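**Q** Sending over a structure as structure tokens; questions will come in a sec.
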Amino acid sequence: MGSNAPAGPEAATLTEIVEGVYAWVQPDGTWWVNNAGAVAGEDGLLVVDTCATEARTRRFLGALARAAGDAPVRWAVNTHQHGDHTYGNSLLPDSTALIGQAAMREALLHDPIFDACPPFWSPAPDWGGVSRRAPSVVLDRELTVYTGRRRVDLLHPGYTAHTPGDVVAWLPEERVLYTGDLVFHGLTPLVFMGSVEGALRSLEWLHAFAPDHVVPGHGPLFGAAELDAVLGAHERYYRFVLETARAGVARGSTPLETALACDLGEFRDWDDAERIALNLHRAHADLTGTAMDLTTALSDAVEWNGGPLPTRL
């Protein structure tokens, strides 16, 4: 994966991980380009996330209908609030029960980017013909959905990590884990609307599932053999962010000054490296007990990047 890999809506692929369990992988996984999936059973489909735009979501749902024989979409779950996983919700059938964590529902209802995307990305995202649709069913810590005999556990870690309302979808029999954005495989994680320490803590929680198959929120699918390496890279990055932020706070530096001065080391070649500015804003706010300003954080990421953040929608 990387900036030179094929991208665009046509590059997305639907993979059947095990019989009736699907992953929709969208290269190259950078800004606004997510993964999604679905689980089939005798009672129909449970969809895991939608996509950022009308075009991308329609491609996903069309591919899924062809693969699953037009099985009804009975349920859908959003793994968290961000638009790349939720803005396509309105393209689901009206009869679909949409599920999310309680904090996630509130965040999506009040998401200002949906109505007026700020000018931090280029080309500017065009969501297409979608409307805001938030979950009608909410969970706190856990909810189990059965589609026929197939069990899907929807689980919240119990604390803020990538966001306050993260949910994973876990198939205990098939040992398939949809992580949402608790995992970015091969590119820079983003935690500016969550907690760096919480994201770090979530890695042990994810590891305890001992999955055979992992569908990350962004990046390629991977399996049990790669789990330690992928989670280990996340751990090193989060610890790097925390250590860098602590040093910056001790010097009295702003998050941008800290970001510009730091050496990313092994992380410099990851896509979306400019997220260091956003993640340092989050860590700085948490360390100092101050509120993080979203607009300032995104402006600093643009400055670090030397221009608007690139999109491949």
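The values are calculated or read from the model by the stated rules, or taken from the named source; none is laboratory data. Small disclaimer: the values here were computed from a predicted structure and weren't measured. Cβ placement follows ideal geometry from the backbone for every residue including glycine, while neighbour counts extend to all protein chains displayed. Quick note on the areas: whole protein, heavy atoms, side chains included, nothing else; ligands and nucleic acids left out. Shrake-Rupley method; radii C 1.70, N 1.55, O 1.52, S 1.80 Å.
**Q** Based on this model, can you work out whether T288 counts as in contact with a helix residue (DSSP H, G or I) (Cβ under 8 Å, 6 or more places away or on another chain), under 24 Å from T160 (Cα atoms) and either among the polar types (S, T, N, Q) or open to solvent by 60 Å² or more (accessible area, probe 1.4 Å) (or both)?
**A** Against the criterion (in contact with a helix residue (DSSP H, G or I) (Cβ under 8 Å, 6 or more places away or on another chain), under 24 Å from T160 (Cα atoms) and either among the polar types (S, T, N, Q) or open to solvent by 60 Å² or more (accessible area, probe 1.4 Å) (or both)), T288 qualifies.
**Q** If you don't mind, there's one more thing I want to ask. Among the numbered conditions (1) surrounded by fewer than 22 Cβ atoms within 10 Å (Cβ to Cβ); (2) touching a residue at least 40 places away in the same chain (Cβ under 8 Å); (3) among the hydroxyl-bearing types (S, T, Y), tell me where T163 comes up short.
**A** The one condition T163 does not meet is (1).
**Q** Let me ask another. Would you mention how many residues in the stretch 266-311 are closer than 17 Å to H218 by Cβ and not aliphatic (A, V, I, L, M)?
**A** Within the stretch 266-311, residues that are closer than 17 Å to H218 by Cβ and not aliphatic (A, V, I, L, M) number 10.
**Q** Being at pLDDT 95 or above, open to solvent by 40 Å² or more (accessible area, probe 1.4 Å), in a loop (DSSP other than H, G, I, E, B) and not charged (D, E, K, R) is the filter here, so list the residues in the stretch 67-118 that pass it.
**A** P72, P93, S95, H110
**Q** Listed residues A52, A7, A12, A23; which is out of contact with any Pro (no Cβ under 9 Å at 6 or more places or on another chain) and small (G, A, S)?
**A** A23
**Q** Let me ask another. Identify, please: which residue in the stretch 221-247 is open to solvent by 50 Å² or more (accessible area, probe 1.4 Å) and in contact with a strand residue (DSSP E or B) (Cβ under 9 Å, 6 or more places away or on another chain) and is, among those, farthest from E274 (Cα to Cα)?
**A** Selected residue: A224.
**Q** Kindly indicate the residue of the stretch 32-50 that is in contact with a helix residue (DSSP H, G or I) (Cβ under 8 Å, 6 or more places away or on another chain) and of a type outside the set (D, E) and also surrounded by the fewest Cβ atoms within 10 Å (Cβ to Cβ) among those meeting that condition.
**A** It comes out as W32.
**Q** For the structure I just gave you, tell me whether P135 is open to solvent by 70 Å² or more (accessible area, probe 1.4 Å) and of a type outside the set (G, A, S).
**A** no
**Q** Which pairs turn up if I take residues in the stretch 126-145 that are closer than 23 Å to A169 by Cβ and look for partners that are assigned to a loop (DSSP other than H, G, I, E, B) and acidic (D, E) with beta carbon separation below 8 Å, at least 6 apart in sequence or on another chain?
**A** R132/D111
**Q** Which of the residues spanning the stretch 292-308 are over 18 Å from A261 (Cβ atoms) and not in a helix (DSSP H, G or I)?
**A** M292, D293, G307, P308, listed by residue number.
**Q** Shifting gears a bit: Testing W205 on (1) more than 15 Å from A161 (Cβ to Cβ); (2) open to solvent by 30 Å² or more (accessible area, probe 1.4 Å); (3) not charged (D, E, K, R), one condition comes back false. Which one is that?
**A** Result: W205 fails condition (1) only.
**Q** Something else: Among the residues of the stretch 74-98, write down those that are in contact with a helix residue (DSSP H, G or I) (Cβ under 8 Å, 6 or more places away or on another chain) and of a type in the set (A, V, I, L, M, F, W, C).
**A** A76, L91, L92, L98
**Q** If I ask for residues that are assigned to a loop (DSSP other than H, G, I, E, B), farther than 17 Å from F222 by Cα and in contact (Cβ under 8 Å) with a residue 60 or more places away in the chain, which ones from the stretch 8-63 would you list?
**A** Residues satisfying the conditions are G8, G20, T30, W31, W32, V33, E42, D43, D49, A52, T53.
**Q** From the list L154, L187, L139, which residue is of a type in the set (A, V, I, L, M, F, W, C), in contact with a Gly (Cβ under 8 Å, 6 or more places away or on another chain) and under 23 Å from S90 (Cα atoms)?
**A** Criteria check complete, one pass: L139.
**Q** May I pose another question? Just name the residue that is farthest from the chain's Cα centre (by Cα) out of those in the stretch 249-294 that are among the charged types (D, E, K, R) and farther than 24 Å from T311 by Cα.
**A** Filtering first and then ranking leaves R251.
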